[in-house]
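The values are calculated or read from the model by the stated rules, or taken from the named source; none is laboratory data. Model, not experiment: these values are computed from the prediction. Using ideal geometry, Cβ is built from the backbone for each residue, glycine included, and neighbour counts are taken over all protein chains shown. The accessibility values were calculated without ligands, DNA or RNA, using every heavy atom of the protein model including side chains. Shrake-Rupley method; radii C 1.70, N 1.55, O 1.52, S 1.80 Å.
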Amino acid sequence: MCQVDEEYNGQLEHRVTPRVSKKCVKCKENTAVLIIRAGDAFCRGCFKEYFIHKFRAMLGKNRVIFPGEKVILAVSGGPASSSMLSQVREGLSRDAPKKLRFVPGIIYIDEGGASGQSMEERERAVAQLESVFRATNYHYHIVHLEQVLSLPSSVLEAGSSATEKPQTGSSYKAAVDQFIQTKKNQHPDLSLENAQSHLSSLSMHEVENGVTSPITPEHTQALQKLFASVRTLTAKEDLLHTLRQHLILHTARTQGYTKVMMGDSCSRLAIKLLSNISLGRGASLATDTGFSDPRYGDVVIVRPMRDYSSKEIAYYNRMFDIPSVFIPGLDTKAQDKASIQHLTESFVTKLQTDFPSTVKAFLLTLKNTKRKMPRVPAHRCERALGMLQGCMRTADVARAINCNVRIVRRLR
Amino acid sequence: MMMSPASTHTDIKRRSPLSEFRVALKMPVLCSSCAEKRAVLKRPKTAHSLCKECFFWAFEEEVHQTIVSAQLFKHGETVGIGASGGKDSTVLAHVMKVLNERYNYGLKLLLLSVDEGITGYRDDSLETVKRNQQQYELPLKIVSYEELYGWTMDAIVKQVGLKNNCTFCGVFRRQALDRGAMMLKVDKICTGHNADDVAETVLMNVLRGDIARLRRCTAISTASEGEGVVPRCKPLKYAYEKEIVLYAYFKKLDYFSTECIYSPNAYRGHARTFLKDLEAVRPSAIMDVIHSGENLSVREGVKMPVQGTCGRCGYISSQALCKSCVLLEGLNRGLPRLGIGKHHRLHEKILLQQPLTQEEERKLKAVDF
């Protein structure tokens with residue numbers, strides 16, 4: 001065994017070390033500039049194609065967006081949602097083959113009040129983002145988190161869906177026709193093309209700025225008090241997520257959007273999935289992290305960035321100069337064990353380095369689950385928001401919220 | 001103070017105002033249940049400070065509630081307790097004996113133990129089981145891999161290597177327990193799986209995308225129909241591991257507390273570390289994970305395995321050959337990787353005793369040198 005010139009009859013496993021000087025595996029002509037997975041080296045052009053194609057394929061495979069529909073993009077300023085924004089721009093631009101046909105709007109929620117940022121920092125971030133949004137020429141809304149305190153509780157009711165849910169591919173066409181019919185009934189004199197340009201012209205003239213009513217320091221203080229009364233970081237992050245969701249929903253409803261696009265990437269969804277399991281929300285896994293979330297009836301949440309890993313998004317943003325703004329959140333610079341969500345994040349990323357197919361395996365589990373009971377989670381929110389509306393002054397509120405959340409979770 | 005198993009958890013570590021007052025004055029904290037005796041421990045599940053007797057009572061009561069609400073046993077049944085000599089099975093044996101007398105379940109209890117043949121681990125724990133038999137005055141039966149299959153775990157590990165040996169041990173043990181139970185004509189087996197185990201299994205199955213197992217793993221008892229199948233249940237399903245340790249410590253129970261020497265390389269280790277961290281952040285997370293697992297439902301159209309019987313030994317199986325026959329075949333032929341990974345197409349060949357082709361054999365040999 002230890003001799004020189006030993007002949008090994010068995011096959012020695014050769015580890016193929018990926019080298020960047022290889023040729024692109026797709027076009028086999030240009031030099032590869034990056035590696036997505038082990039063995040998948042792409043050149044610049046092929047990578048761009050692959051990236052864009054994935055986005056289109058995602059929208060095309062799950063046919064939920066109708067032509068001419070108003071879709072709002074929830075942009076947080078982070079890399080994934082900025083990437084989504086650029087993909088939508090790319091898809092809607094005149095010279096794209098088979099261009100996407102829907103009417104986009106952008107919403108950005110300013111959460112600085114909850115994470116304890118000063119007014120200057122918040123304004124700076126907002127200004128940076130506004131410049132990005134203006135470059136797109138889409139109608140945008142900048143909403144401050146403080147506004148969630150003045151939402152009516154009717155926002156929590158699931159609205160009835162405007163159109164029937166398309167069941168299979170063939171009835172997608174029927175659904176689209178129905179949608180166009182209802183739109184025609186609203187604007188009887190406008191054809192589809194005119195309707196689209198009408199809406200886009202509205203965006204230029206009507207609410208130019210898109211910033212909703214300015215906030216006062218009292219609002220910020222009230223919000224901070226609310227968050228301070230929640231004891232654990234886990235619960236705070238949860239609360240923030242819920243409030244954000246409600247604000248987006250409310251804006252979508254009042255401004256007439258029927259679809260919301262969220263920029264959750266594959267890695268982010270895997271983390272969300274695992275932390276939802278750890279928080280006891282197994283029943284609603286399929287809708288919390290699936291492609292489309294029809295729980296709210298008239299507004300459907302879709303997640304087109306679902307198949308992109310954060311690595312791919314980072315590469316794309318860097319190579320093609322997609323602007324993104326970093327805004328510190330609640331758990332920035334927190335310790336590993338500060339909250340369940342943060343702990344899950346470090347666990348998943350570590351596992352991903354050792355077992356690269358982990359994230360895909362999770363999401364496979366997810367694909368095979370469905371909602372246990374078709375119930376609207378409004379019960380949970382109702383209590384939380386109901387309490388918010390009532391007595392916001394004492395710390396008992398948060399304790400009540402915590403208790404109620406737990407009680408209701410058990411009831412589910 | 002009646003506490004149902006699933007509702008006793010909170011993630012807020014705090015004392016009641018009275019206890020805080022007492023702590024501030026440097027007075028001993030009283031038990032929050034009886035308020036008479038001094039508190040000697042803090043319950044991991046609920047963070048209540050309790051005295052010894054109240055803790056014992058709470059723990060036993062919760063197990064009793066689990067048994068009663070899931071209707072695990074019928075009067076007059078013979079129940080085999082899977083005993084390994086470790087803390088879970090020792091506590092299980094003790095609690096079952098106590099509850100059987102206190103609430104008149106009318107069960108006939110006996111201990112069932114499996115000898116895998118791991119030197120330095122199993123032979124020591126078997127001594128503990130023998131001592132338990134005398135302490136609790138319960139009959140004991142030991143079945144060993146050597147006599148059932150002709151292989152000990154040490155010999156298996158020598159062939160398979162350190163990575164996939166837990167599969168062999170687990171599969172063989174399940175069959176061994178069933179065989180032992182049938183020899184003793186037992187109606188039901190109960191195992192000492194605790195809440196941490198079930199939560200780890202849920203996490204592990206999610207991490208691996210194993211939808212079929214995910215559905216079954218949170219069930220408190222297995223299916224009870226069919227020949228050759230002894231149903232098994234987990235009375236300690238909602239008991240935290242930390243509480244089991246505390247119970248065993250305060251009751252001064254005799255148990256063996258070393259880990260299996262082959263366990264550090266198991267995939268379950270990742271899920272376990274994660275779960276322990278979760279527990280540190282929020283103690284109720286363990287229950288929450290179990291709750292999520294129970295409420296997960298599977299989409300229609302997903303292929304689920306169907307229960308049938310093994311072609312060779314007649315044991316229950318969802319494939320043509322049961323897993324332990326496949327594994328044994330692999331070991332006996334010197335192809336240890338048979339049974340790890342996908343091998344459905346080879347079942348027919350094995351069943352008919354046909355030799356495998358050169359290509360197939362090469363793939364199934366161990367890769368380690």
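Some points to look at:
- Nitroxide proxy distance, nm - points 7 Å out along Cα→Cβ at B:LYS251 and B:LYS163: 4.2 nm
- Here the scattering of the range B:20-101 is modelled by Debye summation over its C-alpha atoms, one equal scatterer each and no solvent; at q = 0.13, 0.20 Å⁻¹ the log10 of I(q)/I(0) is -0.56, -0.96.
- Between A:ARG231 and A:HIS53, the simple spin-label model (points 7 angstrom out along Cα→Cβ) gives 5.4 nm.
- For the range B:177-260, the solvent-accessible area of protein heavy atoms averages 43 Å² per residue (probe radius 1.4 Å; ligands and nucleic acids excluded).
- Accessible area buried, both sides summed, chains B and A with 1.4 Å probe, Å²: 3500 Å²
- C-alpha center-to-center spacing [the range A:262-318, the range A:101-137] in angstrom: 22 Å
- Here r is the Cβ-Cβ distance between B:LYS276 and B:GLU127 and R0 is 25 Å; the resulting FRET efficiency, rounded to 0.05, is 0.30.
- Among the residues of the range A:327-344, those with an accessible-area drop of 50 Å² or more from chain alone to full protein complex, heavy atoms and 1.4 Å probe, are A:LYS337, A:ILE340, A:LEU343.
- Residue ranges A:114-126, A:289-301, B:241-253 sort as A:289-301, B:241-253, A:114-126 when ordered by packing (mean number of other C-beta atoms within 10 Å per residue, highest first).
- Cα extents of the range B:48-160 along the three principal axes, largest first (Å): 49, 36, 27
- Inter-chain Cβ neighbour average for residues B:284-296, partner chain, 10 Å: 6
- The range A:212-332: Lys pairs at Cα distance under 22 angstrom, eight or more positions apart or on different chains: 4
- Ordered from longest to shortest, the equivalent ellipsoid semi-axes for the range A:226-284 are 23, 18, 10 Å, each the square root of 5 times a Cα gyration tensor eigenvalue.
- The stretch between B:GLN65 and B:GLU53 holds 2.5 nm of extra length on full extension. This uses 0.36 nm per residue minus the Cα-Cα distance.
- Annotation for B:VAL229 and B:VAL98: the two label points, set 7 Å from Cα along the Cα-Cβ direction, are 3.4 nm apart.
- Greater than 28 Å apart at Cα, pairs in A:LYS23/A:LYS367; B:LYS141/B:LYS252; B:LYS42/B:LYS237; B:LYS87/B:LYS276; A:LYS367/B:LYS188: A:LYS23/A:LYS367; A:LYS367/B:LYS188
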